[in-house]
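Chemist: The structure follows.
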Amino acid sequence: MPPKKVQLSTRERVLFARLIQEYENRKYKPALKTADAILSKVPEHGETLAIKGLVLFTLQQREEGLKLAKLGVRHDLTSFISWHALGIVYRMDRNYEESLKCYAQALRIEGGNLNLVRESGFMQLQLRNYAPLIDARLVILRTQPHLRTNWVALAIAHDLAGNQAQAARILAAYEDLSRDVPKRNYEFNEVVLYHASLLEQMGEADQVLQLLEAQKARIVDEPAAEQLKARALQKAGRTQEAVDAWRKLLDRNPDNKHLIASYLELAADSEEARLNELLTLQASFPKSAAMRRMALHMAQGDAFTEHARDYLERALVKNVPSLFSDIKSLYQQPGKQAAIEELVEAFRLRWDPHQDEAANEPPSSYLFAMYYLVHHYSYTGRPDLALTYVDSILKHTPTMPELHMTRARVLKRAGAYKAAADAMQEARHLDGQDRYLNTKAAKYLLRINEVDEATRVLKLFTRPDVPDPVADLVEMQAIGFLVEAAEAHERRGEYALALKRFHQVDKTVQDIYDDQLDFHSYCLRKQTLRAYVRTIRFEDHVFATRDYVRAAKGAVALYVKLHDDPHREKPVPTKVDVPTELDENTPLPDMDPKGEVLLATDTPLDVAHHFLRKLQLFAPQDIQTWLCTFEVALRQRKWLLALRALSLASRLDASHPELHVQLIRFRQALDAEEALPEATAKALASLQRDMPVLAMPPSVLQTEYLQRHGSASAAHVLGAARGLYAVHGDAQAPEAAELVFSLLKQATVPLRILEQAHAFVQQLASHATLPPTLSSTTFAQGAHARWAHADAFRPPMPSA
């Protein structure tokens, strides 16, 4: 039976009203005094306890605040204020599921409270629960149909739920009801263009055109409207009108590649005709660099050579440093890489200062031709030639930071990471105020595990009042630094700090996701509808970004390593002092600054699931998600999860080398089981029909993989060698080593694969006896002949 509700006297009711007002006005310390005054008379008043808990939580006293808010609810289960306060506490704690439960309970008590309905809708949107969000927005619209925001919010809810037709109907109804709207009102313009974009998604081209024509006088963003109109005309089959519309847009912005491509797609029906039309456009817009660049993409053969000659010469004479970044995408087209190399080499010879005919040419043209060729030869796998060129121009221009930076990049691609870091340091010292150069230098230092030196470099650009520059970098959400630092700490064996950095990446990305909560009301109020919907869709993929996937994979691998070493020494966490005086603007101190608590966990695989859940939800198309999932599931003997991981990974890439090894290990683990659970046996039998490899013995699986994929690439050869060793162990270690050594006979092998192969040969040598011809030293000598600059294969220095 719930406790009897405590009633306040007249004086305490006045104080309680003041308490609410002080909280809403952010006068938190006076609010605490007011709450204490009420509780001194009525210590079990639930609503006061809940509001005091909310105030304490806002002042960073989180544990006590949450405890008091729960106590307030316990003392007054029938008060929507208590439930609302607890819901806000959970929302501030980012526990959206629990927050939503509190809001639901508050609405059962006070169903007509629109603030509660609105805030619960924001929670539903944060959790992507679109059906309840639509219900909440519909309730608000029926109660306040005179507010524009409510119509738009309901339309957006339907759009996010995938019901664009209903969203368009709601916006059409709102437009029909709107009266006395100024002609160039930006907010109404956003509604119209958002409505048009919905109709475009539905494929209703005629309706898009009708809407844009009817609301023409009220549209402010004319370029966006013109693009919508051009696409609609194209989809409606009104080709000539669409061509004219795209041409009109080009008059406005002739350097927009998307506009150029859209115009050419309609204006001509063959590649040759499109090129001719593009040349006609160039005559009309002679200053358009985008058109000149697009001609290189479309032209072939001799026509390409002529266009490339003009484009490259113009850029080299102008000393454009980013020319290679602009041009390198053309290398994927047959013949163009060789043609570009021939052209730039011809320019280099023509502009050589030692040639008489180069007397009228500025020396910088020769310099930038050489600069381009350095990038070119490095990118195409000829580091020796690239280093020869860059060293040559450094003799004449030693004070140009870009040359030292390019030399560092060449060395990095060649595997000489220490020399690359030294070269990048030289570039940094030439311009100590350049933030980019210092950042690159720090990144290169991290790659050779010089974490302290990298931090010292970055400290030059962090706030001087922050003693630890890493804390400032975390606050600035420098994810790239955190990932590189985590991997450097792991290579150094500093697992606690590595885990700390991985978790800081996770927290940073979670912060980016949580920050959208502030925009749910702001964007509706400001009517930035199209940008708002794009932001929501971006947030849906924020955990699938390359850096997060890389960090999550690294964290899972490290937790697996900790699980495999149960007798590791666990550190004693350092005690952190918490300041007694905190306010809403003072962040809580990091209670585990060195990651010692993370390293001391007794259940590393359970913690790894924190990263795996996000990867499975947000990055299911990345095969690394399922390869990592398998490693954890196999160790936890979760056979169904392991089967699911193998099945989904196989759909993405059935020939992946790491997947092959995992299939072998899975079969071996199943064969070692006396009896499988019934559910696992049924799932295995069902999957074997789609994945016959699951029914194969490990030796047959290895043989078939070797025959089908063993020569597909260097990575597959290495995967076959790992599979052979996984099946037969030390008994066939020499045969596995022979497979690895076959990589040295291939024409080209990526450096990364050779580094992994060298590490695998070292692993074989540590477990089995290999003949001298298959030793790790012999492999390193062969790899050194391929990659002479690589640190991994450099012969050891003789001892003094």
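Chemist: All but one of (1) closer than 19 Å to residue 741 by Cα; (2) surrounded by 13 or more Cβ atoms within 10 Å (Cβ to Cβ); (3) not charged (D, E, K, R) hold for residue 683; state the number of the condition that does not hold.
Modeler: With respect to (1) closer than 19 Å to residue 741 by Cα; (2) surrounded by 13 or more Cβ atoms within 10 Å (Cβ to Cβ); (3) not charged (D, E, K, R), residue 683 is out only on (1).
Chemist: Across the range 457-512, which residue is farthest from residue 95 (Cα to Cα) among those that are polar (S, T, N, Q) and at pLDDT below 95?
Modeler: Result: 462.
Chemist: Just give me the residues in the range 52-78 being surrounded by fewer than 20 Cβ atoms within 10 Å (Cβ to Cβ) and farther than 24 Å from residue 25 by Cβ, in sequence order.
Modeler: 63, 67, 70, 71, 74, 77, 78
Chemist: Of (1) under 22 Å from residue 501 (Cβ atoms); (2) touching a Pro at 6+ places or on another chain (Cβ under 7 Å); (3) of a type in the set (A, V, I, L, M, F, W, C), residue 578 satisfies all except one. Which?
Modeler: It fails just one condition, (1).
Chemist: Among (1) at pLDDT 95 or above; (2) more than 19 Å from residue 793 (Cα to Cα); (3) not aromatic (Phe, Trp, Tyr), where does residue 397 come up short?
Modeler: (1)
Chemist: Please determine whether any residue of the range 448-462 is at negative phi, small (Gly, Ala, Ser) and touching a Pro at 6+ places or on another chain (Cβ under 7 Å).
Modeler: Looking for residues that are at negative phi, small (Gly, Ala, Ser) and touching a Pro at 6+ places or on another chain (Cβ under 7 Å), one finds none in the range 448-462, hence no.
Chemist: Sort through 587, 579 and tell me the only one that's over 28 Å from residue 637 (Cα atoms) and without any contact (Cβ under 8 Å) to a residue 12 or more places away in the chain.
Modeler: 579
Chemist: Now for a different question. Among the residues of the range 197-208, what is the count of those that are more than 18 Å from residue 176 (Cβ to Cβ) and part of a helix (DSSP H, G or I)?
Modeler: Number of matching residues: 5.
Chemist: List the number of the failed condition for residue 252; all other conditions in (1) in contact with a Pro (Cβ under 9 Å, 6 or more places away or on another chain); (2) under 15 Å from residue 295 (Cα atoms) hold.
Modeler: For residue 252, the exception is condition (2).
Chemist: Still on this structure, please answer the following. Identify all residues within the range 559-592 that are touching a helix residue (DSSP H, G or I) at 6+ places or on another chain (Cβ under 8 Å) and crowded, with 16+ Cβ neighbours inside 10 Å; write none if there are none.
Modeler: 559, 560, 562, 563, 573, 592 - these are the residues of the range 559-592 that are touching a helix residue (DSSP H, G or I) at 6+ places or on another chain (Cβ under 8 Å) and crowded, with 16+ Cβ neighbours inside 10 Å.
Chemist: Right, here's the next one. Among the residues of the range 268-287, are any in contact (Cβ under 8 Å) with a residue 24 or more places away in the chain and of a type in the set (Phe, Trp, Tyr)?
Modeler: The answer is yes; a qualifying residue exists.
Chemist: Also: Name every residue in the range 588-615 that is outside any loop (DSSP other than H, G, I, E, B) and β-branched (Val, Ile, Thr), in order of residue number. Give the derivation first.
Modeler: Residues of the range 588-615 that are outside any loop (DSSP other than H, G, I, E, B), as a first pass: 596-599, 604-615.
597, 607, listed by residue number.
Chemist: Scan the helices (runs of 4 or more DSSP H) fully inside the range 214-269 and keep the ones with 2 or more residues being farther than 20 Å from residue 281 by Cβ and modelled with pLDDT of 95 or more.
Modeler: In the range 214-269, the matching helices (runs of 4 or more DSSP H) lie at 222-235.
Chemist: Considering only the range 750-767, state which residues are closer than 29 Å to residue 380 by Cα and not in a loop (DSSP other than H, G, I, E, B).
Modeler: 751, 752, 753, 754, 755, 756, 757, 758, 759, 760, 761
Chemist: Tally time: how many residues in the range 415-440 are touching an Asp or Glu at 6+ places or on another chain (Cβ under 9 Å), farther than 22 Å from residue 384 by Cα and hydrophobic (A, V, I, L, M, F, W, C)?
Modeler: Counting residues in the range 415-440 that are touching an Asp or Glu at 6+ places or on another chain (Cβ under 9 Å), farther than 22 Å from residue 384 by Cα and hydrophobic (A, V, I, L, M, F, W, C) gives 1.
Chemist: A further question follows. Which count do you get for residues in the range 468-495 that are surrounded by 19 or more Cβ atoms within 10 Å (Cβ to Cβ) and of a type in the set (Gly, Ala, Ser)? Outline the logic, then answer.
Modeler: First pass over the range 468-495, keeping only residues surrounded by 19 or more Cβ atoms within 10 Å (Cβ to Cβ): 469-470, 473-474, 478-479, 481-490, 494-495.
This time we only want the ones that are of a type in the set (Gly, Ala, Ser), so: 478, 485-486, 488.
Selection size over the range 468-495: 4.
Chemist: Right, something else. Condition (residue is at pLDDT 95 or above, in a helix (DSSP H, G or I) and in contact with a Pro (Cβ under 9 Å, 6 or more places away or on another chain)) applied to the range 616-634: is it met by at least one residue?
Modeler: Yes, the range 616-634 contains at least one residue that is at pLDDT 95 or above, in a helix (DSSP H, G or I) and in contact with a Pro (Cβ under 9 Å, 6 or more places away or on another chain).
Chemist: Kindly provide the set of residues from the range 769-794 that are surrounded by fewer than 16 Cβ atoms within 10 Å (Cβ to Cβ) and over 38 Å from the mean Cα position of the chain (by Cα), ordered by number.
Modeler: Those that are surrounded by fewer than 16 Cβ atoms within 10 Å (Cβ to Cβ) and over 38 Å from the mean Cα position of the chain (by Cα): 769, 771, 772, 773, 777, 781.
Chemist: When you go through 106, 161, 173, 167 one by one, which is the residue that is out of contact with any helix residue (DSSP H, G or I) (no Cβ under 7 Å at 6 or more places or on another chain) and not assigned by TED's automatic domain parsing to the domain that holds residue 532?
Modeler: On inspection, the qualifying residue turns out to be 173.
Chemist: Taking residue 641, is it of a type outside the set (Gly, Ala, Ser), out of contact with any Lys or Arg (no Cβ under 7 Å at 6 or more places or on another chain) and surrounded by fewer than 22 Cβ atoms within 10 Å (Cβ to Cβ)? Talk me through it step by step, then tell me what you get.
Modeler: On the way: of a type outside the set (Gly, Ala, Ser): yes; out of contact with any Lys or Arg (no Cβ under 7 Å at 6 or more places or on another chain): yes; surrounded by fewer than 22 Cβ atoms within 10 Å (Cβ to Cβ): yes.
It is true that residue 641 is of a type outside the set (Gly, Ala, Ser), out of contact with any Lys or Arg (no Cβ under 7 Å at 6 or more places or on another chain) and surrounded by fewer than 22 Cβ atoms within 10 Å (Cβ to Cβ).
Chemist: May I pose another question? List the residue pairs whose Cβ atoms are under 8 Å apart, where the first residue sits in the range 491-517 and is touching a residue at least 24 places away in the same chain (Cβ under 8 Å) and on the phi < 0 side of the Ramachandran plot, the second is polar (S, T, N, Q) and assigned to a loop (DSSP other than H, G, I, E, B), and the two are 6 or more positions apart or on different chains.
Modeler: Here the result reads 491/449; 492/449; 508/477; 509/545; 511/477; 512/477, each pair linking the range 491-517 to a residue that is polar (S, T, N, Q) and assigned to a loop (DSSP other than H, G, I, E, B).
Chemist: Of all residues in the range 750-768, which are surrounded by fewer than 20 Cβ atoms within 10 Å (Cβ to Cβ), aliphatic (A, V, I, L, M) and in contact with an Asp or Glu (Cβ under 9 Å, 6 or more places away or on another chain)?
Modeler: 768
Chemist: Look through the range 224-277, keep the residues that are within 33 Å of the chain's Cα centre (by Cα) and of a type in the set (S, T, N, Q), and return whichever of them is surrounded by the fewest Cβ atoms within 10 Å (Cβ to Cβ).
Modeler: Ranking the qualifying residues of the range 224-277, first place goes to 253.
Chemist: Can you tell me how many residues in the range 514-534 are among the hydroxyl-bearing types (Ser, Thr, Tyr), modelled with pLDDT under 95 and crowded, with 16+ Cβ neighbours inside 10 Å? Step through it out loud before you land on a result.
Modeler: Within the range 514-534, the first condition is being among the hydroxyl-bearing types (Ser, Thr, Tyr), and the residues that meet it are 521-522, 528, 532.
Now narrow it down to the ones that are modelled with pLDDT under 95: 521-522, 528.
So of that shortlist, the ones also crowded, with 16+ Cβ neighbours inside 10 Å come out as 528.
Result for the range 514-534: 1.
Chemist: Please verify whether residue 443 is basic (Lys, Arg), surrounded by fewer than 21 Cβ atoms within 10 Å (Cβ to Cβ) and free of Cβ contacts under 8 Å to residues at least 12 places away in the same chain, treating the condition exactly as stated. Write out each step before concluding.
Modeler: Numbers: basic (Lys, Arg): yes; surrounded by fewer than 21 Cβ atoms within 10 Å (Cβ to Cβ): yes; free of Cβ contacts under 8 Å to residues at least 12 places away in the same chain: no.
Here the answer is no, as residue 443 does not meet what is asked.
Chemist: Before we move on, is residue 411 of a type outside the set (Phe, Trp, Tyr), closer than 29 Å to residue 750 by Cα and in contact (Cβ under 8 Å) with a residue 60 or more places away in the chain?
Modeler: The answer is yes for residue 411.
Chemist: So which residues in the range 715-744 are in contact (Cβ under 8 Å) with a residue 60 or more places away in the chain and under 35 Å from the mean Cα position of the chain (by Cα)?
Modeler: 716, 718, 719, 720, 722, 723, 726 - these are the residues of the range 715-744 that are in contact (Cβ under 8 Å) with a residue 60 or more places away in the chain and under 35 Å from the mean Cα position of the chain (by Cα).
Chemist: What's the number of the condition residue 747 fails, among (1) loosely packed, with under 15 Cβ neighbours inside 10 Å; (2) outside any helix (DSSP H, G or I); (3) in contact (Cβ under 8 Å) with a residue 12 or more places away in the chain?
Modeler: Of (1) loosely packed, with under 15 Cβ neighbours inside 10 Å; (2) outside any helix (DSSP H, G or I); (3) in contact (Cβ under 8 Å) with a residue 12 or more places away in the chain, only one is false for residue 747: (3).
The values are calculated or read from the model by the stated rules, or taken from the named source; none is laboratory data. For clarity, every value in this text was computed on a predicted model and none was experimentally measured. Positions of Cβ are generated from backbone atoms using ideal geometry, with glycine treated the same way; all protein chains shown enter the neighbour counts.
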